[in-house]
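Notes follow the structure.
The values are calculated or read from the model by the stated rules, or taken from the named source; none is laboratory data. Just so it is clear, the structure is predicted and the values come from calculations on it, not from any experiment. Cβ: placed from backbone, ideal geometry, glycine included. Neighbour counts: every protein chain shown.
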Amino acid sequence: MAWEKSSKALVAVFDAAVPDGPTVERRQMFGYPCAFVNNNMFMGLHEQNFILRLSEEDRAELKASHDAAPFEPMKGRAMKEYVALPDAILNDKAALGAWVARSFAFASALPVREKKPRKKKAKG
């Protein structure tokens with residue numbers, strides 16, 4: 001099963017929403033742009049989904065206020081702590097910025113994850 005690329009418009013929204021700062025690292029994950037703090041992903045794209053990592057309270061608030069859905073990269077396999085943002089938030093720059101800030105704060109408070117060494121590609 002091949003995943004579809006995120007639209008250029010969604011990538012532009014993502015790029016504009018990533019906070020600036022020395023602790024923010026941009027990387028690709030499964031071919032999609034993501035942002036990390038302390039080696040913990042706090043925001044990213046997957047297909048046409050803009051995802052944020054949020055506290056349980058923030059996820060509940062977002063679900064209640066905007067009917068946001070848990071993020072499932074594969075049907076029935078929700079990623080704990082991640083939510084796919086609804087279009088109403090993606091189309092509101094101030095609201096998006098506020099939710100990204102919450103996501104960044106949540107991930108910043110998590111323990112620093114050790115970077116795993118990159119696997120060497122087999123020659124042959």
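Residues in segment 86-96 that are surrounded by 14 or more Cβ atoms within 10 Å (Cβ to Cβ) and either touching a residue at least 40 places away in the same chain (Cβ under 8 Å) or not in a helix (DSSP H, G or I) (or both): Pro86, Leu90, Leu96. Read through the list (1) at positive phi; (2) modelled with pLDDT of 95 or more; (3) not aliphatic (A, V, I, L, M), then give the number of the only condition that Gly76 fails. Answer for Gly76: the failing condition is (2). Of all residues in segment 1-46, those satisfying the criterion of being loosely packed, with under 15 Cβ neighbours inside 10 Å, more than 21 Å from Glu72 (Cα to Cα) and among the aliphatic types (A, V, I, L, M) are Ala9, Ala12, Ala16.
Among the residues of segment 23-42, at least one is free of Cβ contacts under 8 Å to residues at least 40 places away in the same chain and in contact with a Leu (Cβ under 6 Å, 6 or more places away or on another chain). For segment 56-85, a residue qualifies if it is over 13 Å from the mean Cα position of the chain (by Cα), buried (at least 17 other Cβ atoms within 10 Å of the Cβ) and either free of Cβ contacts under 8 Å to residues at least 24 places away in the same chain or assigned to a loop (DSSP other than H, G, I, E, B) (or both), and exactly one does: Ala68.
The residues listed here are Ala68, Ala2; of these, the one that is of a type outside the set (Val, Ile, Thr), modelled with pLDDT under 90 and touching a Pro at 6+ places or on another chain (Cβ under 6 Å) is Ala68.
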